[in-house]
Amino acid sequence: MKLKALLLLLLTFSVFAQEPLVFENQQQQDRFDQLTKELRCLVCQNQNLADSDAPLAHDLRQEVFEMLQTGQSNDQIKQFLVQRYGDFVLYRPPVQTNTYLLWLAPLLLFIGGALVVIASIRKRASLLASDETTNENPDN
Amino acid sequence: MNSRTLPLIGFVLLVILLIVGLKISDQKTLIPSPLINKPAPAFDLPILGNPEQRLTKESFLGKPYLVNFWASWCVTCRVEHPVVTELARSKKIIVVGMNFRDEVADATDWLEQFGDPYDIILRDGDGRTSIDFGVYAAPETFLIDPNGIIVFKQTGALTPEIIETEILPRVAAMEAGN
């Protein structure tokens, strides 16, 4: 009985921890969840809007919620925040001239690594080959 | 280049990367504002202590001014307070206080305790205007030119150095241009 009361108490806390947002439908809630996961909290910069408890994150969640209610698209909502806080607010940086290096870096690193591996394999193969030729030489 | 120098070069590069990272670690949380050289966001806010009277961005056109976002809960605003006071008293620029996400009573108490440095204080109770300005920390200060364009932003406390090197030269340039 005590346990039940405690559980009930905990449940109430968890309900009050989130602002009471009432969504029109599941689809809208899914969009809200997705957006707040992809948007960065500017105060605690390693958290997204969904996870952060900062007052600014609370206000921005409210802002996102209201924009969803007024029928704005995901891009419009992201644009609203980018205009105010810059690209930094996006966890997924846009592909543009100043981020080409960022996006291409993994590919460049992969190609670089592959070249090193190929070079070292060739070197070894040629070393082995020269070893074999010296072994085959009956004069040695 | 043999197989021994390669790891050494890699190690040296890594050390350089770490040193650079440590040097800029205190600037990494600063976010460059996309609003620099763009028109300041529109606002329509009541005056603190005189809620019937409202001012808009248009009310301030024609003269350069500073918008200083502050709140009674903001500890760094207390640190900054003497610097703002001195700047406002010098009358070199209009200093507009933007009291955001605050209670009127708390803000009034704060001003009574520390003194009111501002030429005028607008009240942004729900923080909507602060979101439009892209404020994510407190205090934040924006320098706005006579045409309503944001020309400089300081995130965090103003210092005498920043006023001397960043703000006053820009104000002087604006006045020379008029």
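Within the range A:97-116, the set of residues being within 14 Å of another protein chain (Cβ to nearest Cβ) and closer than 21 Å to B:Asn37 by Cα comprises just one member, A:Asn98. A single entry from A:Leu35, A:Leu49, A:Leu42, A:Leu21 fulfils the requirement of being closer than 24 Å to B:Asp102 by Cα and modelled with pLDDT of 90 or more: A:Leu49. From the list B:Thr85, B:Thr108, B:Thr76, B:Thr129, the one residue that fits, being part of a helix (DSSP H, G or I) and within 25 Å of B:Lys38 (Cα to Cα), is B:Thr129.
When each of A:Gln72, A:Gln28, A:Gln62, A:Gln83 is tested for being more than 13 Å from chain B (Cβ to nearest Cβ), in a helix (DSSP H, G or I) and out of contact with any strand residue (DSSP E or B) (no Cβ under 9 Å at 6 or more places or on another chain), the lone residue that passes is A:Gln28. Residues that are surrounded by 10 or more Cβ atoms within 10 Å (Cβ to Cβ) and farther than 17 Å from B:Gly125 by Cβ within the range B:25-41 comprise B:Thr29, B:Leu30, B:Ile31, B:Pro32, B:Ser33, B:Pro34, B:Leu35, B:Ile36, B:Asn37, B:Lys38, B:Pro39, B:Ala40, listed in sequence order.
As a summary of the residue check, B:Lys63 satisfies the conditions (1) within 14 Å of another protein chain (Cβ to nearest Cβ); (2) more than 26 Å from A:Gly86 (Cβ to Cβ) except for the one numbered (1).
Being within 14 Å of chain B (Cβ to nearest Cβ) and either outside any helix (DSSP H, G or I) or aromatic (Phe, Trp, Tyr) (or both) is a description that does not apply to A:Ser120. Only residues that are within 11 Å of chain A (Cβ to nearest Cβ) and either surrounded by fewer than 19 Cβ atoms within 10 Å (Cβ to Cβ) or small (Gly, Ala, Ser) (or both) were counted across the range B:100-152, and they come to 8.
The values are calculated or read from the model by the stated rules, or taken from the named source; none is laboratory data. Worth saying up front: this structure is predicted, and the values here are computed from it rather than measured. Here Cβ is always computed from backbone atoms with ideal geometry, including for glycine, and neighbour counts include all displayed protein chains.
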